[in-house]
Every structure is written in structure tokens, then in C-alpha cells.
Amino acid sequence: MDIRSLMVLIFTLAIASSESGFFWHVTDFHYDFTYHDRQLSCNPNAKPTNPGQYGDFWCDSPWKLVNSSVQAMAKLKPNADFILWTGDTIVHASDKELNYEINAEVLTNITDLLKSVLPGVKVYASFGNHDYWPNNQFPPANNRLYNDTLDRWESWINDSSQHNNFRKGAYYTVKTPHGLRIIALNTNLYYTSNKVTVNVSDPADQLQWLNATLAHAKTNNEPVLITAHIPPGVHTPSILIWMHEMFHIPFVDILQTHADVIVGMFFGHDHSDGFKVLPNKSGKLTSPIFIAPSVTPWRYRIPNKIGPAHNPGIRLVEYDKATGRPLDITQYYLDLQKANKNAHDHWEVEYEAKKAYEIPDLTAATLANLATRIKDPGSSAFKNFWRFFTVSPPAELLESCLNDCHSAVYCGLTNFDMDSFRGCQNKMISGASRLISHEWMMVTLLASAFILYVNM
Ligand SMILES: *[C@@H]1O[C@H](CO)[C@@H](O)[C@H](O)[C@H]1NC(C)=O
Ligand SMILES: *[C@@H]1O[C@H](CO)[C@@H](O)[C@H](O)[C@H]1NC(C)=O
Ligand SMILES: *[C@@H]1O[C@H](CO)[C@@H](O)[C@H](O)[C@H]1NC(C)=O
Ligand SMILES: *[C@@H]1O[C@H](CO)[C@@H](O)[C@H](O)[C@H]1NC(C)=O
Ligand SMILES: *[C@@H]1O[C@H](CO)[C@@H](O)[C@H](O)[C@H]1NC(C)=O
Ligand SMILES: *[C@@H]1O[C@H](CO)[C@@H](O)[C@H](O)[C@H]1NC(C)=O
Ligand SMILES: *[C@@H]1O[C@H](CO)[C@@H](O)[C@H](O)[C@H]1NC(C)=O
Ligand SMILES: [Zn+2]
Ligand SMILES: [Zn+2]
């Protein structure tokens, strides 16, 4: 081979090896089929009398918003390689307002919507805690919901070897045509509100299966992408772990053990936009975690606390087809107030991660570096992160995040258990109070100088 054809070959290989693909990540539709009448999901103290056609910050999604978000995906990138759909399709409402049949109808309608609006695009779907009736009580064994949903999603999974896993626990794995292994989990089995899996040592044998599936992927040199509803780690700024400790510890342990094959993890449930970086067993930050914001704009409410206002979002992820590594996120959002006012659903780019954060890609190393920039509460990196967290709400509804809030956010990026999280936060707080006392000393000195001066 002459030098010229060798150069051409090398150039071609270089291009081929950096070929990028795209997938959508959509989550937490929470479709309120009563939005225009009973408004089951709306805050009882703030039920809108004239609800906007695309939704309201105090309520779950009307059909028009659900449809609009799926139409937007088809318009903006109809030929994505696949879609991750991380659950919570059902309205926030009490068990007595819902039943198996209502939930089944909603799951069928939204599955059909995705199939008809994005034909030929595979959707790798997982359940959210609200998709079971009664709410949150996912069983660790076969039941009607798992069987019926396998029928709904079978054409996307398209692999009969996964039927047993799905019937048993609603988890499965598929290999994309590009050699990327996708593992879809049912982390609702570990949710602290799930009362039926308490004391079950490994619900539906999912942990053991995950451990073995990851080990197998390593042997076969397959990059792995994990998708599920409830994320691991410390949720911030509220500071809680969503999972029972007896499941969270081994779950995180398995992810850490196999961190070197996990190129990305994609979750929902938080309703806010975030990321984390998981360390491997030697503490090296190895696997990026991405939490996508919800389609529903619903503000959560728990006693004494109202969640922040947030706009609906959908995201497009660019990844390296050869390695599976995420390269960029284009986060789209619907400015809800504007959409209602103009009676028009214009999904705009909220941000492009590489541009907004001035980073080259979304690998763990890059995100670890971004985390150190976020440590400075005055940095543009943190200010962006915090605005994106609630999907760029109207300026007057953007809450501030200072001191404890900021240190919680920062420490939650890389600490996955409460002890190391608290350790990180205490270090930040004592550092900050040293700073404050230093400043205070300066003020006192200046004040005494001033008093000395006026006394002269
Ligand atoms: C969804 O919206 C599109 C575009 O506005 C409309 O043509 C279609 O009929 C809607 N589909 C459903 C099922 O509401
Ligand atoms: C589901 O779709 C059917 C057929 O379009 C419709 O009649 C029904 O009202 C929908 N269900 C809900 C809960 O929106
Ligand atoms: C689910 O489907 C399997 C296979 O067809 C069947 O053996 C099982 O009884 C079904 N479970 C329920 C709860 O209907
Ligand atoms: C399902 O998988 C089979 C091979 O196992 C393949 O021939 C077929 O094209 C696939 N169908 C779809 C819709 O992807
Ligand atoms: C779980 O085990 C504890 C301790 O043995 C027991 O007190 C509790 O009732 C059990 N809970 C359930 C739901 O079985
Ligand atoms: C995962 O599998 C490895 C062996 O590959 C084993 O050493 C480890 O204990 C397992 N982890 C859990 C949490 O089961
Ligand atoms: C953690 O990752 C680093 C860097 O890739 C590697 O050198 C180290 O061996 C890994 N540790 C374990 C326990 O796999
Ligand atoms: Zn949700
Ligand atoms: Zn949820």
C-alpha cells in the first residue's frame, strides 16, 4: 500500500471511529386525563380556574402537552437511533381515584402515541413508581402489569430471550445494532415507598442479574448504557436517598464494580435536570449519570415544602457510536407561560451542554472537572447548572441556592452514600465559615479604624 492510500485509510478510520449518533431521553409525562375537569393532580390551594392549554405549574400534563412533546421529538430528530423513556406516565393522584384499568389505558395510549408519531424508532422503556396501582407497590414477582406491558413494549425489545426477565421484574437488556448494550432496570423495586419489597433480599433477582449481565458485557467488550426511573445517590438539595439502604448499597456496589464498562446512566424521577459522576472501587470518577427533567411541569408538594416551578423538557443526546460515550446534550424546553399565551408550542433549545459549560464532551473525566468548577457558588458553571435544574423558569420564579443548598448540590455530584456526602458538606461549611469569620474580622478592623478616625 502506498503512503497516500495509507493516509486515506487512516483518515477514513478516524472519521468512522468518531461517528456520532443521537437518541432521545424523555421522562415523567404524568398525564392528567382530568386536567380540564376534576384537575386531580393540581395543587388544591392553587387549582387554575382558567388552565392553560399546554399545562400549568401546579398540575400534571394535559394531553396537549404530552402530544406536543412527542410531536416535537419527531419534528426535531425523527430518525434518532432510539429513545429512552424512563417512566412515570401516570397522573399524581391518590389510589382511590385510579385503578388498574385506568393506568393500563394511559400506558397503552402513550405507548401507541410514540409508535405512531415515531414509527420505526425503538423505545427502550422502563417503569416509574407511579405506573403501578396501587402507587409505588411494584411487586418482586410476575403480575398482570408486567405481562400486559411486555405486550405493549415487545416490538421495541424484540428479543424473546428477555421475556422471562420482564415478566418476573420488568427489567431487560438489548444490544443495539452498533454494539452498545442497553440495560433497562426496574429500580422502583428499591423505592423507599415500596412496602412489598421490604425484607426481600434481592427483589425479582434483579441485582444478581445486573451483576452477571455487566460481567458478561465486560467479557465481550460491550459498552453499557443503563436506563431506569429512580436514580442512585443523594438527591439534592433536599438531601435524601430514594432507595432503601438494603438495596441502595448493593446496587451502587455493583455499578462501581463494573464502572469501567458503564459509559452512561440515564434516569428520571427527580423531575429536575442534573448529573452525577460515579466513582469506581478505587475512588476514580468513572461513570457519568444523567437525570433528565420531566415533561410534567407539576410542582411537588410535601408537608411544609413546595417544589420549585419548572418548565417541561425533552432532551437529545449525542453519543459516539463506536464507544457509546455521550458527547453532548441538547436540552429542549417549552416556555409554558409563553406557549399558553401564544397558543403555540414552540420547543426551543434551552442549552447545549458543551457550549453552555465550555466542555469538550460528557465523559466522566470532563464532568468531574465540571464538578470542581461548580464548587464555586459564584461560577457561571454553577449558575447555569442551577437555572437548568428547574428548566429555566420565569426569572421571578427562579429560587436562589446559596450556602447549604449550594454545598448540597456540589457534594451530591460525586458522593453516593450519606456518610461521604455529610463529610463533603461539613468540609464545605467549615471552609465557608472560616471565610465568613475572616471577612467579619476585616469588617470589625475597618469599623474600629473608622471609629479611631472619627474620634481624632
Ligand atoms: C397531536 O398533535 C398533532 C399536531 O398538532 C395533531 O395533528 C394530532 O391529531 C394530535 N394527536 C393526538 C392523538 O391528539
Ligand atoms: C385513550 O385513547 C382512546 C382512543 O383514542 C380514548 O378514547 C381514551 O379517552 C384515551 N384515554 C385517556 C385516559 O386519555
Ligand atoms: C404472565 O404470562 C405468563 C406466560 O404467558 C403466564 O405463565 C403467567 O401466568 C402470566 N401471569 C399472570 C399474572 O397472568
Ligand atoms: C427483530 O429481530 C429480528 C432478529 O432477531 C430481526 O430480523 C427483525 O428485523 C427485528 N424486528 C424489528 C422490528 O426490529
Ligand atoms: C421486615 O423485617 C422487620 C424485622 O424483622 C419486621 O419488623 C418487619 O415487620 C418486616 N416488614 C415486612 C413488610 O415484612
Ligand atoms: C457481583 O459479582 C461479583 C463476582 O463477579 C461478586 O464478587 C460480588 O459480590 C457481586 N456483588 C453483589 C452485590 O452481589
Ligand atoms: C478505577 O479506574 C482507574 C482508572 O481507569 C483504574 O486505574 C483502576 O484500576 C480502577 N479501579 C478498579 C478497582 O477497577
Ligand atoms: Zn415523576
Ligand atoms: Zn417517580
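The values are calculated or read from the model by the stated rules, or taken from the named source; none is laboratory data. Quantities reported herein were computed from a predicted structural model and do not represent experimental measurements. Please note: Cβ atoms are built from the backbone with ideal geometry, for glycine as well, and neighbour counts cover all protein chains shown. Note: areas computed on protein heavy atoms with side chains; ligands, DNA, RNA excluded. Shrake-Rupley method; radii C 1.70, N 1.55, O 1.52, S 1.80 Å.
Counting only protein chains, not ligands or nucleic acids, how are MET73, MET428 ordered by accessible area (probe 1.4 Å), most first?
Of MET73, MET428, the descending order of accessible area is MET428, MET73.
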With a Förster distance of 25 angstrom and the Cβ-Cβ distance between ASN142 and LYS115, calculated FRET efficiency to the nearest 0.05 equals 0.50
With GLY55 itself left out, Lys, Arg at +1 and Asp, Glu at -1 over residues whose Cβ is under 14 Å from its Cβ give -1
Got a sec to turn the phi values of segment 390-395 into Karplus ³J(HN,Hα) couplings, 6.51 cos²θ - 1.76 cosθ + 1.60 with θ = phi - 60°, whole Hz, x for Gly and Pro?
-> 10, 6, 6, x, x, 3
Rounded to whole Hz, the Karplus (6.51, -1.76, 1.60) HN-Hα couplings of segment 260-273, x for glycine and proline = 5, 9, 8, 8, x, 10, 10, 10, x, 6, 5, 6, 10, 9
What helix-only [θ] at 222 nm does the chain give? Using -39500 (n - 2.57) per DSSP H run of at least 4, over all residues, to the nearest 500, the answer is -12500 deg cm²/dmol
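Please sort through the DSSP H helices of the chain and keep those with an alpha-carbon extent of at least 30 Å along the long axis and a Kyte-Doolittle average not below -0.5. Working shown, then result.
Working: long enough: 418-455 (54 Å, 0.44).
Helices meeting the criterion: 418-455.
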Quick one: accessible surface of ILE306, probe radius 1.4 Å, all protein chains present, in square angstrom to the nearest 10.
-> 70
Roughly how many Å² of TYR357 are accessible to a 1.4 Å probe, to the nearest 10?
-> 20
State, as an integer percentage, the relative contact order of the chain based on alpha-carbon contacts under 8 Å between residues 6 or more apart.
-> 15
Solvent exposure ordering (accessible area, 1.4 Å, most first) of THR372, THR236 | THR372, THR236
Of LYS218, LYS276, LYS355, which has the most accessible area and how do the rest follow, probe 1.4 Å?
-> LYS355, LYS218, LYS276
How big is the chain in terms of Cα radius of gyration and Dmax, in angstroms?
-> 23.5, 91
Given R₀ = 41 Å, FRET efficiency for HIS216-TYR100 by Cβ-Cβ distance, to 0.05?
-> 0.70
If all Cα-Cα distances of segment 251-346 are sorted into 10 Å bins from 0 onward, what percent lands in each bin, rounded to whole numbers?
-> 14, 34, 29, 18, 5, 0
Keeping all protein chains in position, work out how much accessible area GLU396 exposes to a 1.4 Å probe, and write it in Å² to the nearest 10.
-> 140
Leaving out same-chain residues fewer than 8 places away, which lysines sit with a Cα under 17 Å from that of LYS75?
-> LYS64, LYS115, LYS122
Output for segment 141-204: trypsin sites (Lys or Arg not before Pro) sitting in coil per DSSP, at most 16 other Cβ within 10 Å, listed by number, reads LYS195
Compute the label zone of THR372 within segment 393-424: residues whose backbone N is under 20 Å from the point 7 Å along Cα-to-Cβ.
-> 407-416, 421, 424
